[in-house]
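A.B. asks: Mind looking over this structure? Questions follow.
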Amino acid sequence: MDRDARRESRACAPGSRPERLHEYSRVLSRLLKTSHRQLDPSKLRIDEVIPKHAMGDGNSIYDLQNYVLGKDQGVKESGSQGAGFRRVDYFELLRG
């Protein structure tokens with residue numbers, strides 16, 4: 001099953017969306033409460049701070065090359081896919 005189909009099936013499952021949102025907000029809250037001292041790299045276990053998959057699915061190469069920043073106010077809606085959105089290619093940004 002591809003990633004979009006997985007997302008849709010999870011969104012349609014009874015009770016799954018509120019549970020995922022609750023887990024995300026719980027992890028984010030704990031992360032925000034973490035002090036600088038607790039982030040000592042020699043003592044830090046990242047899976048204790050952010051459990052695996054707590055922030056959702058990972059991004060694909062395509063996602064990172066076409067990351068949507070928001071709606072492009074200067075572009076009128078059209079029938080072509082992706083029109084009307086501001087995008088960023090993170091690889092181009094890293095290349096400088």
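All of the numbers you see were taken from the coordinates with simple rules; none came from a lab. Small disclaimer: the values here were computed from a predicted structure and weren't measured. All Cβ positions, even for glycine, are placed from backbone atoms using ideal geometry, and neighbour counts span all protein chains on display.
A.B. asks: ³J(HN,Hα) across the stretch 42-49 via Karplus (A = 6.51, B = -1.76, C = 1.60, θ = phi - 60°), whole Hz, x for Gly/Pro?
C.D. replies: After applying 6.51 cos²θ - 1.76 cosθ + 1.60, I find 6, 10, 6, 10, 4, 5, 7, 8 Hz.
A.B. asks: Right, here's the next one. So for the pair Asn66, Leu21, with labels modelled 7 Å out along Cα→Cβ, what separation do we get in nm?
C.D. replies: Each label point lies 7 Å from its Cα, and together they span 2.8 nm.
A.B. asks: Arrange Lys43, Lys71 by Cβ neighbour counts within 10 Å, fewest through most, would you? List each step's numbers first, then the result.
C.D. replies: Numbers: Lys43 8, Lys71 11.
Ranked by crowding around the Cβ, least crowded first: Lys43, Lys71.
A.B. asks: For the residues Arg86, Arg95, what sequence is obtained by ranking on other C-beta atoms within 10 Å, fewest first?
C.D. replies: The fewest-first ordering by Cβ neighbours comes to Arg95, Arg86.
A.B. asks: Continuing with this model, one more query. Around Asp72, what is the net charge, scoring Lys/Arg as +1 and Asp/Glu as -1 over all other residues with Cβ under 9 Å from its Cβ?
C.D. replies: Net charge in that neighbourhood comes out at +3.
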